[in-house]
Amino acid sequence: MKILKYMLIFVPISFVAEFLHAPSYIMFILAALSIIPLAGLMGEGTEEISHYSGPKIGGFLNGTFGNATELIISFFALKQGLFDVVKASIAGSVIGNILLVLGLSMLAGGLKHKTQTFNKKVVEVSSSMLLFAVVGLCVPALFTHTVDQSLLNTRYEGLSVIVAIIMFAIYVLSLVFSFYTHKDIYSINVEEEGTAKWSLKKAITVLVVATVLIAIESEFLVGGIESVTHSLGLSEFFVGIILIPIIGNAAEHSTAIVMALKNKMDVAMEIAIGSSLQIILFVAPVLVFISLLFTPMSIVFNEFELIALIVAILIANRVSNDGESNWLEGVQLLAVYVIIAASFFIL
Amino acid sequence: MKILKYMLIFVPISFVAEFLHAPSYIMFILAALSIIPLAGLMGEGTEEISHYSGPKIGGFLNGTFGNATELIISFFALKQGLFDVVKASIAGSVIGNILLVLGLSMLAGGLKHKTQTFNKKVVEVSSSMLLFAVVGLCVPALFTHTVDQSLLNTRYEGLSVIVAIIMFAIYVLSLVFSFYTHKDIYSINVEEEGTAKWSLKKAITVLVVATVLIAIESEFLVGGIESVTHSLGLSEFFVGIILIPIIGNAAEHSTAIVMALKNKMDVAMEIAIGSSLQIILFVAPVLVFISLLFTPMSIVFNEFELIALIVAILIANRVSNDGESNWLEGVQLLAVYVIIAASFFIL
Amino acid sequence: MKILKYMLIFVPISFVAEFLHAPSYIMFILAALSIIPLAGLMGEGTEEISHYSGPKIGGFLNGTFGNATELIISFFALKQGLFDVVKASIAGSVIGNILLVLGLSMLAGGLKHKTQTFNKKVVEVSSSMLLFAVVGLCVPALFTHTVDQSLLNTRYEGLSVIVAIIMFAIYVLSLVFSFYTHKDIYSINVEEEGTAKWSLKKAITVLVVATVLIAIESEFLVGGIESVTHSLGLSEFFVGIILIPIIGNAAEHSTAIVMALKNKMDVAMEIAIGSSLQIILFVAPVLVFISLLFTPMSIVFNEFELIALIVAILIANRVSNDGESNWLEGVQLLAVYVIIAASFFIL
């Protein structure tokens, strides 16, 4: 994706703009445009390192750094106390991965290849995990919304920490599952990796520099959220659930679409569903743990997030069940995403 | 279905009754008994025309006229401002198709053929589409029910128009899918069609006359709704969600059951699921567009309709997933329908 | 399961404790520890009788006595007017069977056998039935929660009786399905039964004695519920939805796990899903009918029970769809159960 490389020009531009005290909504836009190629660079760096580290550590690195951008942005939002933005971006990442990324992949791939088939077995393992993970994550929220709110206070955070510990434990166990007890299921993907283009030193340097720059740009981005909500008339919730996930995951998304065009629908689906899983099992609990250092954050989603999450997993399960995809299925996923986004915009 | 032909006697009876100023609940009953055979005649006329027009235009005609009765009844209800009846009948058609029609088909077919199998592939395409369509249609309603109602006013209709445009676009795209890019999936059904029994002229005449008569009877029917709710103690909601869908779809329903008895379970399921799809992707948006000429109608379903719709698609997905049906499955679908209808009756 | 036999020592201990007027929370614990082995004995007795009665009556006896313990405990709770405990224990049995029992079975079996496969066809029939049954059972509750509570009063019970009659009718029809019209589907299980170890007389004696003792212990248990909620700080709801189902089903649960360890995952799943089905189609309606003798009980679940039930059937459907299980899937089911239980404990 060469266009991503050219977008790196926004990194120095954003630094100049910050130096010139540009208005914060301009900083938000520039930071967004910088983070997209930096996240791509980070992904490339991680993949190069995995050629040297072997598939096991490589898989772990890919899993962990795959959502590093998301994690860094959320970290700064958390530090600023923007809990609603953080929670919305967790839900928004899952929705975006399932509806937007899978939708675009199926549309692009389906227009080129008519009907695309994928290995149901592999995708079903992930989509089952996603169902269980989303259900586990949502249960406390579902219960709390039906309870008289005044009865609850500090208990919220206690329950969130328990859920976060369980989710994180499942994340660790799923690594054990993938890399030790059931590694044969995933063996197909491992073979496709090819050879390294960069030296290990270059790869590590790129990774470190990209991470640092993403951190800086994330601070610009988060600093501009309040201003954007005023200037552009968007709600904080809309920024969190629609914009931030698109910014944080754009690089990953483009990879999924490229894979769909290459008729590797399995890989495209694994990226979309796998990335959603990592958000729920890794990013969300880590953010809860980090929040204990500042002000404890509960992962109790609001009704909108719950509905959107439940819609997303129902669709993910249906889609994976099928074993096939075509352009019309892609259009329908995108239609649901557009309707959800339009509802959030209007409400 | 010869019995349908004999029921045409209610058409002249209803005209005489109207001439004699019969009470409007009598007109409601006579109109209902007239519409059932007229809808059957309309279906027959459409099918005959499709023998002359070739499968492409024929498929389109079948799709469009298949729910014409529903559309005409709803048109007059809309004109009278009976929005709740219109919305209830949209939801009721989907529920009736999935639970009542499929239930009766599986029961009747299962008693005769023990275990009936159907082509999972074809049915899964439709039931996936149904899931996405219902979800898309329900998302605005789900969101609005969780929002403080006073915050919303004209925005409702704006969102409904967006959803209607998206649904209608998917309807057009699904025709492109069925008749151009993926026509081979549906080729099996096309072959079974046989030859024309009527001349083209006769077919067109029948279609036109049936449509005109249905329009007149629909006006009688809608005119009697208010009176029925008073005389028989039924709620408008019950009339909309249970009675009108049964009246509007009875002819189609009998075809599905006949197909199930002939052990063509695929066709029976396609009728039930396909008809539900057309209601959501074609009838509902067209009604929203027409309503803009009078008073704009929002397609925000109430909680009862939402629950019933979600139940119906969950069951449709489960049933299609199976690849098999038997009489007990039919009994269970009917049981869920009876429980829903009883709840609506009591509440 | 030899350990179950040793636990029978708690039966005389509980009688001595009752004689010495032990505090009622002690009686609750002793009764719980007595009921577990007695339920196991009752199961053994039923199975022995079925060797003499032939598979048809045997299957019926197994089905009916399989949940006798649950029924007896609920009977005494009903007599004491503890409606919330009864309803919670119905929901809790379904949740416990699907999440706790299946989770433990998959974990235990998966650790020993890596990936376990099961006959999708058989399990899908049961899990479809479970979906329809839960949906039918929940529909009245879903509707009533969205209605202004003050509008409803005696209508509740009327609707509950209708639902109970329909559920019971489906139970009877499902016996007709299993033992007459479609008995071949279940033929595999029948062959595995082996020969009788006990004489018919001994089997009947054991069954009668166990039933009588369970009835006495259930009265101790129910009598201690109020005291337990005070002494141990548990809510009645928690006792009903978590503790009572574990006590009532422990013996059955251990059988499922033993089957999973023997790599008979089909049997383990049939126990868990079949037992849930019997709770809904047999135990729940019978309790409604019995309640008409005392104070009529409605089966309108509260929001917590509804959410937990819906979560459980979604997961049961997903799991059965798969055709395979492994330890990670087991861990995830257990995680959802722990999160639900923790939420109930905290709320």
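Here are the numbers for the structure shown:
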| read-out | value |
| --- | --- |
| Count of the range B:197-213 residues which are aromatic (Phe, Trp, Tyr) and assigned to a helix (DSSP H, G or I) | 0 |
| Within the range B:338-347, considering residues that are at the interface with chain C (Cβ under 7 Å from one of its Cβ atoms) and assigned to a helix (DSSP H, G or I), the one surrounded by the most Cβ atoms within 10 Å (Cβ to Cβ) | B:Ile340 |
| Complete set of residues in the range A:231-244 that are within 22 Å of the chain's Cα centre (by Cα) and not in a helix (DSSP H, G or I) | A:Leu234, A:Ser235 |
| Flag if A:Val86 is assigned to a helix (DSSP H, G or I) and under 19 Å from A:Ser276 (Cβ atoms) | yes |
| Count - residues of the range C:89-112 that are farther than 18 Å from C:Ala133 by Cβ and out of contact with any strand residue (DSSP E or B) (no Cβ under 9 Å at 6 or more places or on another chain) | 7 |
| Per-region count, the range C:206-246, residues closer than 18 Å to C:Ile13 by Cβ and crowded, with 23+ Cβ neighbours inside 10 Å | 7 |
| Hey, A:Ile313 within 10 Å of another protein chain (Cβ to nearest Cβ) and within 24 Å of A:Ser126 (Cα to Cα) or not | yes |
| Helices (runs of 4 or more DSSP H) within the range C:1-83 that include 3 or more residues β-branched (Val, Ile, Thr), under 15 Å from the mean Cα position of the chain (by Cα) and closer than 30 Å to C:Ile299 by Cβ | C:24-65, C:68-79 |
| Odd one out for C:Ala335, checked against (1) away from chain A (no Cβ under 14 Å); (2) out of contact with any Ser or Thr (no Cβ under 9 Å at 6 or more places or on another chain); (3) in a helix (DSSP H, G or I) | (1) |
| Sole exception among (1) within 14 Å of chain B (Cβ to nearest Cβ); (2) crowded, with 24+ Cβ neighbours inside 10 Å; (3) of a type in the set (A, V, I, L, M, F, W, C) for C:Ala31, by number | (1) |
| Candidate set: the range A:143-181, residues that are facing chain C (nearest Cβ under 10 Å) and farther than 24 Å from A:Ala284 by Cβ; chosen: the one modelled with the highest pLDDT | A:Thr181 |
| Residue in the range C:54-61 that is within 14 Å of chain B (Cβ to nearest Cβ) and among the aliphatic types (A, V, I, L, M) present | no |
| Single match in A:Ile216, A:Ile257, A:Ile247 (criterion: within 30 Å of A:Lys120 (Cβ to Cβ), aliphatic (A, V, I, L, M) and assigned to a helix (DSSP H, G or I)) | A:Ile257 |
| Residue match in the range A:72-81 (condition: within 30 Å of A:Glu329 (Cβ to Cβ), out of contact with any helix residue (DSSP H, G or I) (no Cβ under 7 Å at 6 or more places or on another chain) and surrounded by fewer than 20 Cβ atoms within 10 Å (Cβ to Cβ)) | no |
| Residue in the range C:219-230 that is at pLDDT 90 or above and under 16 Å from the mean Cα position of the chain (by Cα) present | no |
| Qualifying position, being modelled with pLDDT under 85 and within 20 Å of C:Leu137 (Cβ to Cβ), among C:Phe294, C:Phe304, C:Phe289 | C:Phe304 |
| Sole exception among (1) within 14 Å of another protein chain (Cβ to nearest Cβ); (2) among the polar types (S, T, N, Q); (3) crowded, with 19+ Cβ neighbours inside 10 Å for A:Asn302, by number | (3) |
| Conditions (1) without any contact (Cβ under 8 Å) to a residue 12 or more places away in the chain; (2) charged (D, E, K, R); (3) in contact with a Leu (Cβ under 8 Å, 6 or more places away or on another chain); (4) away from every other protein chain (no Cβ under 12 Å); number of the one not met by A:Lys262 | (3) |
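Every residue, every condition in (1) crowded, with 24+ Cβ neighbours inside 10 Å; (2) on the phi > 0 side of the Ramachandran plot; (3) more than 14 Å from the chain's Cα centre (by Cα), yes or no:
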residue: C:Asn263; (1), (2), (3): no, yes, yes
residue: C:Leu281; (1), (2), (3): yes, no, no
residue: C:Ala284; (1), (2), (3): yes, no, no
residue: C:Thr295; (1), (2), (3): no, no, yes
residue: C:Val311; (1), (2), (3): yes, no, yes
residue: C:Ala316; (1), (2), (3): yes, no, yes
residue: C:Asn321; (1), (2), (3): no, no, yes
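The values are calculated or read from the model by the stated rules, or taken from the named source; none is laboratory data. Predicted model only: the values in this text are computed from it and were never measured. In this analysis, Cβ positions are derived from the backbone assuming ideal geometry, glycine residues included, and neighbour counts consider all displayed protein chains.
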